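Note sheet for the following structure.
The values are calculated or read from the model by the stated rules, or taken from the named source; none is laboratory data. The model shown is predicted, which means the values in this text are computed figures rather than measured ones. Cβ placement follows ideal geometry from the backbone for every residue including glycine, while neighbour counts extend to all protein chains displayed.
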Amino acid sequence: MPSVALAASFGRMREAFDARGGLDYAQRMGSLASLASLLREHTQALCAAMNEDFRGRASQETRLLEIVPALSGLAHARRHLRGWMRPQRRPTGRWFHPGRSRVICQPLGVAGIVVPWNYPLYLAFAPATSALAAGNRVLVKMPEGTPRTSALLERLVSERLPADVLAIVNGAAQLAREFVALPFDHLLFTGSTTIGREVMRAAAANLTPVTLELGGKSPAIVGRGIDVAEAAERILFGKCLNAGQTCIAPDYALVPEERLDAFVQAAARAVARLYPSLAGNSDYSAIIDARHRARLAGYVEEARAAGTRVVEINPAREDLSSSPKMAPTLLVAPGEGLAAMREEIFGPVLPVVPYRALEDAIAFVNARARPLALYVFDHDRRAVDEVLRRTVSGGVTVNETLLHIAQDELPFGGVGASGMGEYHGRAGFETFSKRKSVFFASRLNALRLLRPPYGARFEAIARLLLGLR
């Protein structure tokens, strides 16, 4: 049984939907506007809370990676909402004219959203934007890993929106299990593949449809048609943002074997330019907690013990042993059996894998679970097209990292082990809607000609329908 407070929050929303239905256009627009003003007015406080939760996270990164894209998504939804809500015409079969066919998007009811700790603001606001735009009432479970941010957001939302429209709940693992077991009309979970399986099992008991935004090992393929230094700088920038604690961060790089050393050297130069120091540098984020830092250190030590070349990029040669931060680290030509090559890294550790031919790089990617993101670096359009054609991933950015997630009208979602379903923009509106098919029959229609008693007239019409002479 769910806790009393959780059951009350869910029950309040269910009763409101049963009594008054989903949100109308004015309520949706008002809710989205309230969230936008909340973010703008409390940016400083939210950035400070994130910095405390991470024990060191630049306000610039919180604004760039969370608040700005959340505001962009809110503005995009408000700009397009009327058009999204408009019934869509569909062609009507010629035998059913002058009838009309329409698709009407209808709110599903009560939506649940489970938020991870790495980007708790953006990954709460982005799906909530989609769910509210679709007219649903929304219950959000914030992560326990960022307690200050989660508590602040709970308070701010309760002051801005009615509790039967949008509410935040906080709690540890037990509350999360209770949350995903509730009979939501749609549930969106962002997190690990392992927990995603548990969420899907819990939702199945209620036949709750799910959108799972998971992770996986997102590859970066460096082609021969690009300057290796250009590719290295862009890959390391994407890897070092939030200290690699990003679901779509490049997880490993595939580099032509003859350019392996050049890539490693360029990566070291890129990090030195971006982060001349690490320990006291507020631009460089900390690892969220000691458990994750130990996990990442374990990947590196296992690789070192196996004889892998380990390159720690520590420009100021600082002692980070007692710091919550971890130096960007390259694992050069690692063995495929290492944990760093089997598990999602989620930190500033980058395996660099040499390949001979592009065919080999594609085969390497395809031999593994389908990733949430894929990055291809090449100015040879034919090589890029070959990678796009022969690999399957949730999304792709060409000649950069991460940027596909920031495009409001590009659906965002995984495939296979990296997730199912999608949201953002119109795709998110439709994910949280029931697209109801409606046929309007004309007062005058030919159906009466096909009703019993069957006879010669029916047979003649049936032959026409079947294309027989």
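Within this structure, Ala369 passes the test of being touching a residue at least 12 places away in the same chain (Cβ under 8 Å), closer than 21 Å to Leu212 by Cβ and outside any helix (DSSP H, G or I). Taking the listed residues Arg137, Arg79, Arg100, the one that is farther than 30 Å from Tyr284 by Cα, in contact with an Asp or Glu (Cβ under 8 Å, 6 or more places away or on another chain) and of a type in the set (Lys, Arg) is Arg137, with no other qualifying. Residues of the range 172-188 that are at pLDDT 95 or above and part of a loop (DSSP other than H, G, I, E, B): Ala181, Leu182, Pro183, Phe184, Asp185.
Could you check, for the range 148-165, whether at least one of its residues is closer than 29 Å to Tyr252 by Cα, modelled with pLDDT of 95 or more and either surrounded by fewer than 17 Cβ atoms within 10 Å (Cβ to Cβ) or acidic (Asp, Glu) (or both)? No, the range 148-165 contains no residue that is closer than 29 Å to Tyr252 by Cα, modelled with pLDDT of 95 or more and either surrounded by fewer than 17 Cβ atoms within 10 Å (Cβ to Cβ) or acidic (Asp, Glu) (or both). None of Glu430, Glu400, Glu459 is acidic (Asp, Glu), outside the structural domain of Leu65 (by TED's automatic domain parsing) and surrounded by 12 or more Cβ atoms within 10 Å (Cβ to Cβ) except Glu400.
Could you tell me whether Arg304 is among the charged types (D, E, K, R), touching a strand residue (DSSP E or B) at 6+ places or on another chain (Cβ under 9 Å) and either touching a residue at least 40 places away in the same chain (Cβ under 8 Å) or within 20 Å of Arg55 (Cβ to Cβ) (or both)? When the stated conditions are applied, Arg304 does not pass them. Looking only at residues of the range 405-447 that are of a type in the set (Gly, Ala, Ser) and not in a helix (DSSP H, G or I), we find that the one that is nearest to Ala77 (Cα to Cα) is Ser433. Residues considered: Leu39, Leu46, Leu71, Leu35. Of these, the only one that is more than 23 Å from Ala163 (Cβ to Cβ), modelled with pLDDT of 95 or more, of a type in the set (A, V, I, L, M, F, W, C) and not in a loop (DSSP other than H, G, I, E, B) is Leu71.
In summary, Ala172 fulfils each of the numbered conditions (1) among the small types (Gly, Ala, Ser); (2) surrounded by fewer than 21 Cβ atoms within 10 Å (Cβ to Cβ); (3) closer than 23 Å to Gly428 by Cβ; (4) out of contact with any Ser or Thr (no Cβ under 9 Å at 6 or more places or on another chain) with the single exception of condition (3).
Per-residue answers, yes or no, for (1) among the hydrophobic types (A, V, I, L, M, F, W, C); (2) part of a helix (DSSP H, G or I); (3) assigned by TED's automatic domain parsing to the domain that holds Leu64:
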residue: Thr194; (1), (2), (3): no, yes, yes
residue: Arg197; (1), (2), (3): no, yes, yes
residue: Met200; (1), (2), (3): yes, yes, yes
residue: Ala203; (1), (2), (3): yes, yes, yes
residue: Thr208; (1), (2), (3): no, no, yes
residue: Leu236; (1), (2), (3): yes, yes, no
residue: Leu241; (1), (2), (3): yes, yes, no
residue: Thr246; (1), (2), (3): no, no, no
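Taken over the range 310-349, the criterion of being within 29 Å of Asn51 (Cβ to Cβ), in a strand (DSSP E or B) and touching a Pro at 6+ places or on another chain (Cβ under 7 Å) is satisfied by Thr329 alone. The residue list Ala383, Ala363 contains one member that is surrounded by fewer than 18 Cβ atoms within 10 Å (Cβ to Cβ) and in a helix (DSSP H, G or I), which is Ala363.
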